[in-house]
Amino acid sequence: MLLAAIVMSGCASRPPQQQDNICSIFREQPRWYDHARASERRWGTPIAVQMAFVQQESSFRARARPERNRILGFIPGRRPSSARGYAQAQDPAWQDYQQATGNRRARRSNMADALDFIGWYNDVSHRRLGLAKTDAYHLYLAYHEGHTGFQRGAWRNNQQLRAIASRVDQLAMNYSRQLPACESRLRCRRWYQIRPFCR
């Protein structure tokens, strides 16, 4: 049962009720903080940026998928893309991530894997496109359009997409301002951790 609880802690969880406050999110799901921090240490994307991406992409729903297209207005058709999971990663990008990291068992419904994917993807955006890892606006555009699509620049004429990227950027800034109020507690919440030696 203990093993099952550990496995489930990173998997499908009920979406947080108050998604505009990162401390409330981590209060409900403290393990998500650990996963985001591990991804930040590995790839360099700040916790706040990672979590803003997840909120925008899936509203923290582990099994989120795009709505099916409707034929004649009511017959369910194909989904518009292969995106799914917390990060709404599509099949080709997810396969690239698995190959690049060797993490063949990674699942898009697992928050640890989803956050690691976001960190990895943004690291590629940083190296290929020169985007700062704190630049949530342009990182999100590259995430949505793909690296080649971002370079082509069609997003410049897409007001709806730019508005979404602005929302992600604003949410990341809000999360960044909120996080210091609870981060020390999140880092020192285990019985064996003693302040000020928590890392």
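Just so it is clear, none of the values below were taken in a lab; they were calculated from the coordinates. In this text, all values refer to a predicted model and were calculated from it rather than measured experimentally. We place every Cβ from the backbone using ideal geometry, glycine too, and count neighbours over all the protein chains shown.
So how do Thr45, Thr101 line up by other beta-carbon neighbours within 10 Å, fewest first?
Starting with the residue having the fewest Cβ neighbours, the order is Thr101, Thr45.
Go ahead and run the numbers for FRET between Arg27 and Arg177, Cβ-Cβ distance against an R0 of 22 Å, rounding to 0.05.
Once rounded, the FRET efficiency stands at 0.85.
Is the shape of the range 18-187 best called rounded, prolate or oblate, per the rule: a/c under 1.5 gives rounded, else a/b larger than b/c gives prolate, else oblate, with a ≥ b ≥ c the square roots of the Cα gyration tensor eigenvalues? Judged from the Cα gyration tensor, the range 18-187 comes out rounded (a/c under 1.5).
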